[in-house]
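A short worksheet on the structure shown next.
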Amino acid sequence: MQVGLAEQIWKMKAFELEMQLVSDKKLQPFLYLEGERFLWYAPHSGFSNQVGELRNAAVAAALLNRTLVVPPVLDHHAVVLGSCPKFRVSDPADLRAAVWDHSMQLLRERRYVAMGDIIDLSPIKAMVRTIDFRVFVSLWCGVDMRKTCFSGLCCAVSGGGSLSGDYDRCRSMLSGLGGSENGCVYPVQNDCRTTVWTYQENNDGALDSFQPDEELKRRKKISYVRRRKDMYKALGPGSEAEDASLLAFGTLFSGPYKGSESYFDIHKSPKDHRLQKILEKVEFLPFAPEIVAAGKEFAKNKIKEPFLCTQLRLLDGQFKNHWKATFSALKERLKALELEMKKNKGSSPIHMFIMTDLPPATWSKTYLADVAKDGRYKLHTLKESDELVVQTAERLMAAEHGLRICGDCWINHSRKHRNNEEEQCL
């Protein structure tokens with residue numbers, strides 16, 4: 001009974017707050033977010049790198065007890081970091097500004113897709129608070145993000161004023177180009193040239209094992225020193241960043257390099273069981289249910305047989321210089337499958353689903369053309385215009401997972417007060 005009474009009192013207080021918000025619309029965006037502390041970052045490069053950054057960002061948000069602002073999916077290499085091993089990367093503030101500019105381009109062109117719509121964040125929902133970038137920007141800056149919407153809930157929670165000055169100021173704040181905005185935003189300027197983030201390693205401030213060699217220092221005239229830095233000590237309680245409402249990183253991408261990590265080296269936490277559980281959860285974040293269901297449907301109804309799935313990345317970055325090695329690996333795998341089928345006295349062709357950035361029209365004079373003509377193999381592909389792809393995209397946009405997974409109170413408040421905008425949006 002006492003619990004029930006307490007819940008009723010809490011609901012009454014919440015209703016009183018809603019009425020106050022309705023009576024003063026100028027205060028609404030800020031009151032929705034009052035007391036919340038957020039973390040956002042600048043994703044870049046290809047989709048795989050962006051997912052890797054999302055995983056690291058979820059870990060950082062949990063470690064620092066902040067709500068993670070989940071970004072959109074950026075076009076392939078629309079925002080570029082550079083090279084950490086060569087100590088040639090974009091400044092964190094410039095990177096954040098580039099992400100904002102590209103996000104606004106996606107908004108204008110009605111091509112905005114939230115990362116939370118594509119990647120299923122439900123495995124970490126109980127451990128990491130999240131807010132969709134559209135909702136955050138709408139509430140934080142008061143700007144209208146409804147052009148990013150394809151369905152009702154998004155329209156109801158992404159409205160705003162739409163003044164051009166609001167967009168410009170929001171860009172300046174989120175990028176950190178305008179400084180720390182009186183302590184409201186703490187822009188993290190550490191990048192992979194100087195910092196490797198760690199946690200509970202008892203070596204805070206120690207030199208990292210990977211440093212620029214003397215030839216690179218002399219040739220590029222650089223003097224960077226990479227140090228291992230405890231993220232919790234540097235950006236958590238008691239730090240200069242603690243009271244900032246928004247902690248803004250540049251990149252959170254990282255990869256192994258010469259016995260170290262390029263930037264983010266928090267992969268296990270034996271002393272912190274809560275964080276260790278999050279690290280285990282983010283190790284594999286599945287695609288949204290609609291994508292998984294479409295894949296199963298394609299395999300069952302189109303391929304209908306056990307198959308080899310192969311990704312051939314041939315036109316992107318360094319991969320365009322390694323066609324021979326890529327095709328050689330595929331040849332060896334197919335030979336191994338052929339031998340296995342002979343042992344089992346199988347006579348049907350080897351089914352293979354191919355994902356590649358090399359258009360079929362340009363397969364001639366490549367190993368793929370030989371495979372496509374060889375009766376021992378049956379190739380399967382998906383095109384952007386295929387009905388299954390189009391239908392799955394429509395279901396994804398209607399599902400609005402990126403908004404629903406958040407489930408935080410400000411979305412519910414915002415939706416109630418903006419329901420009249422829902423029909424105007426679509």
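Of all lysines in the structure, the ones whose alpha carbon falls short of 29 Å from that of residue 281, not counting any fewer than 8 places away in one chain, are 125, 229, 233, 258, 268, 271, 296, 300.
If only the Cβ of Lys and Arg carry +1 and only the Cβ of Asp and Glu carry -1, the dipole of the stretch 289-382 around its Cα centre is close to 340 debye. Of the trypsin sites (Lys or Arg not before Pro) found in the stretch 266-307, those that fall in a DSSP loop while having at most 15 other beta-carbon atoms within 10 Å are 268, 271, 304. Taken about its Cα centre, the stretch 197-276 carries a charge dipole of about 380 debye when Lys and Arg each add +1 at the Cβ and Asp and Glu each add -1 at the Cβ. For the stretch 30-106, applying the loop criterion from DSSP together with a ceiling of 11 other beta carbons within 10 Å to the GluC sites (Glu not before Pro) yields 34. Rounded to the nearest 20, the size of the Cβ-charge dipole of the stretch 24-286 about its Cα centre is 360 debye, with Lys and Arg at +1 and Asp and Glu at -1. Here residue 216 and residue 342 are evaluated by their C-beta separation; at R0 = 51 Å the FRET efficiency comes out at 0.50. The share of Cα pairs per 10 Å bin across the stretch 289-382, counted from zero up to the longest distance, runs 14, 44, 32, 9, 0 percent. Taking label positions 7 Å along the Cα-Cβ direction at both residue 111 and residue 204, the computed distance is 4.4 nm, reported to one decimal. Looking at the stretch 266-357, the GluC sites (Glu not before Pro) that sit in a DSSP loop and have at most 12 other Cβ atoms within 10 Å of their own Cβ are 283.
Read-outs throughout are calculated quantities, based only on the coordinates presented, and are distinct from any laboratory measurement. Owing to the predicted nature of the structure, the values given are computational and were not obtained by experimental measurement. Note that each Cβ is placed from the backbone with ideal geometry, even for glycine, and that neighbours are counted across all protein chains shown.
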